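The values are calculated or read from the model by the stated rules, or taken from the named source; none is laboratory data. Computed from a predicted model, the values in this text were never measured in an experiment. Glycine gets a Cβ as well: all are built from the backbone with ideal geometry, and neighbour counts include every protein chain shown.
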Amino acid sequence: MSLDRVMVGLDIGSSWVRAVICTIDSDGNLMVDSVCERPSEGIRQGVIVNIEQTIKTITSVISEAELQAGADVSSVIIGVGGNHIEGVPSQGVVGINAKDQEINREDIFRSLEVARAFELPLDREILHTLVQEFKVDGRGGIKDPIDMLGHRLESKVLIVTASSSICQNARKCIQRANFQVQRLISQQIADAESVLSLEEKEMGTILINIGGGTTNMVAYTSGAPVYTGGILLGGSHVTNDIAYLLNKPKIIAEEVKQQYGNCHIPSVDPHEMIIIPQVGNLPSIKMPKKELSKIIEPRMAEIFSLLQVELEKKGVRGSFGGGVVLVGGGALLSGATELASEIFRLPSRIGFPEALHGLDRSYINPKYTTVLGQVMSEAKRIKDTSSSANNAKRDKHAPTFSKKVKGFFRTIF
């Protein structure tokens, strides 16, 4: 147990701030100790707009998680998402210097550094360098080139960048709450880590997280990410539409949406009636459920259509045999999978996070994919880094020992 280390994931969302505390053992296995959440304050559309309120919320949710887990937290992993996240394709080409022309880890890292060496705007920063494939002497489709022979190595990557100011504000909140920032992770990559299997990534899958103020998306083809991004629309916009058109407070509109909402009009019984509560002592009123769906469907259709346009603008093509996977609180809205299937013309389903050790069944829910994916992604990185270091040590004492590290290049660099 002395080798176990505490890991904390913090999802700062537009509607909720969620924290998870886990312990990771020497083998890289995660054990969930606590999960806590608080309504967001000072955050709008995924962006911090009031630092003091955000610090208060962060301190509250982490303190409760510490109390439940019986652990002291010093550093946290935080996720960032929204339309400021952008995936930029890049390539890096290097020559193989070894006399026997055998490719090793150093050649891989050199090619990745070349791929990252492009002019980045001052208001942007790099979050991840995601390997898509390698080419050896022009032969593509290679996932792991270690020990292969060649004269030229080319890496094809997706550089995930984010707004520097948004990231700095997130770091500032964490530091002023007396914690250290262990790592920043894009929420899209965290979602994929907790929901998508290797087979689904290989088949090609579009993963969409419908949050309160933003909707994030990541697309995989042939096992590699080809798009990361998002839009500034989410479930709260649906609530606002209901509140405006029915002339009701947002609290009542949210209640109506969760209880009766359906975003796919054809699946609603035209004769079904629903009860709309009134403010004060006024009696409740009845209305056809289909009329409520006519309010909800246009906004949800807009969200999916804008995401589809984003894929087209980036020229993302390929086979998406895994279809569309929906996560986030908005994924729980009735009819969401049917509407997504119609717009993307792909099969659609709701995604659930992996059942980690110690995780209560109530948290195996699309709402918790991001915060759980943050710790899963970091645990995988630590495990693979440790594996790489151990292999490097063995290589010093056994020069003929194979340098291949299984699964090393499926990680986030």
Residues that are touching a residue at least 40 places away in the same chain (Cβ under 8 Å) and under 13 Å from Ile159 (Cβ atoms), drawn from the stretch 91-113: Gln91, Gly92, Leu112
Residue that is closer than 22 Å to Val375 by Cβ and either among the β-branched types (Val, Ile, Thr) or surrounded by fewer than 22 Cβ atoms within 10 Å (Cβ to Cβ) (or both), where the choices are Arg176, Arg171, Arg152: Arg171
Residues of the stretch 355-364 classified as in contact (Cβ under 8 Å) with a residue 24 or more places away in the chain and on the phi < 0 side of the Ramachandran plot, total: 5
Exclusive hit being over 18 Å from Asp191 (Cβ atoms), surrounded by 14 or more Cβ atoms within 10 Å (Cβ to Cβ) and among the small types (Gly, Ala, Ser), set Ala301, Ala336: Ala301
Within the stretch 357-413, tally of residues that are among the β-branched types (Val, Ile, Thr), outside any helix (DSSP H, G or I) and modelled with pLDDT of 50 or more: 1
Odd one out for Glu37, checked against (1) without any contact (Cβ under 8 Å) to a residue 60 or more places away in the chain; (2) assigned to a strand (DSSP E or B); (3) touching a Ser or Thr at 6+ places or on another chain (Cβ under 9 Å): (3)
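Quick check on this structure: which one of Asn83, Asn50 is under 30 Å from Ser164 (Cα atoms) and either surrounded by 15 or more Cβ atoms within 10 Å (Cβ to Cβ) or modelled with pLDDT of 95 or more (or both)? I'd like the intermediate steps shown before the answer.
Working: Asn50 fails: either surrounded by 15 or more Cβ atoms within 10 Å (Cβ to Cβ) or modelled with pLDDT of 95 or more (or both).
Asn83 is the lone residue from the list that is under 30 Å from Ser164 (Cα atoms) and either surrounded by 15 or more Cβ atoms within 10 Å (Cβ to Cβ) or modelled with pLDDT of 95 or more (or both).
Being more than 19 Å from Glu378 (Cα to Cα), touching a Lys or Arg at 6+ places or on another chain (Cβ under 6 Å) and not polar (S, T, N, Q) is true for just one of Glu202, Glu154. Which residue is that? Give the derivation first.
Values: Glu202 fails: touching a Lys or Arg at 6+ places or on another chain (Cβ under 6 Å).
Every option except Glu154 fails the conditions.
List the helices (runs of 4 or more DSSP H) that sit entirely inside the stretch 103-216 and contain at least 3 residues that are touching a Gly at 6+ places or on another chain (Cβ under 6 Å) and within 30 Å of Ser60 (Cβ to Cβ). Please lay out each step first, then the result.
Details: elements: 105-116, 164-176, 187-195, 198-203.
Those helices (runs of 4 or more DSSP H) span 187-195.
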Tabulated pairs, the stretch 197-222, first in contact (Cβ under 8 Å) with a residue 12 or more places away in the chain, second acidic (Asp, Glu) and surrounded by fewer than 24 Cβ atoms within 10 Å (Cβ to Cβ), C-beta under 9 angstrom, 6+ apart or interchain: Leu207/Glu200; Met217/Glu310; Tyr220/Glu200; Tyr220/Glu202; Thr221/Glu202; Ser222/Glu133; Ser222/Glu202
Count - residues of the stretch 83-100 that are under 26 Å from Gly211 (Cβ atoms) and part of a loop (DSSP other than H, G, I, E, B): 3
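Which of the residues spanning the stretch 196-207 are over 21 Å from Ser15 (Cα atoms) and surrounded by 24 or more Cβ atoms within 10 Å (Cβ to Cβ)? Break it down into steps so the answer makes sense when it comes.
Within the stretch 196-207, the first condition is being over 21 Å from Ser15 (Cα atoms), and the residues that meet it are 196-206.
Within the stretch 196-207, Thr205, Ile206 qualify.
For (1) in contact with a Lys or Arg (Cβ under 8 Å, 6 or more places away or on another chain); (2) surrounded by fewer than 24 Cβ atoms within 10 Å (Cβ to Cβ), each residue gets a yes or a no:
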| site | (1), (2) |
| --- | --- |
| Asn209 | no, no |
| Gly234 | no, no |
| His237 | yes, yes |
| Ile252 | no, yes |
| Ile285 | no, yes |
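Is it the case that Gly70 is at pLDDT below 90, farther than 20 Å from Lys367 by Cβ and of a type outside the set (S, T, N, Q)? Break it down into steps so the answer makes sense when it comes.
Values: at pLDDT below 90: no; farther than 20 Å from Lys367 by Cβ: yes; of a type outside the set (S, T, N, Q): yes.
Criteria not met by Gly70.
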Count of the stretch 55-82 residues which are out of contact with any strand residue (DSSP E or B) (no Cβ under 7 Å at 6 or more places or on another chain) and outside any helix (DSSP H, G or I): 2
Unmet requirement for Val324, which otherwise passes all of (1) more than 18 Å from Ile189 (Cβ to Cβ); (2) touching a strand residue (DSSP E or B) at 6+ places or on another chain (Cβ under 9 Å): (1)
Enumeration of residues in the stretch 333-354 that are among the aliphatic types (A, V, I, L, M) and under 17 Å from the mean Cα position of the chain (by Cα): Ile350
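Condition check ((1) in contact with an Asp or Glu (Cβ under 9 Å, 6 or more places away or on another chain); (2) at pLDDT 95 or above) across all residues:
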residue	(1), (2)
Leu233	yes, yes
Asn240	no, yes
Ile252	no, no
Asn262	yes, yes
Ile275	no, no
Residue in the stretch 344-352 that is in contact (Cβ under 8 Å) with a residue 40 or more places away in the chain, surrounded by fewer than 19 Cβ atoms within 10 Å (Cβ to Cβ) and out of contact with any helix residue (DSSP H, G or I) (no Cβ under 7 Å at 6 or more places or on another chain) present: yes
Check on Gly213, under 30 Å from Asn50 (Cβ atoms) and modelled with pLDDT under 95: yes
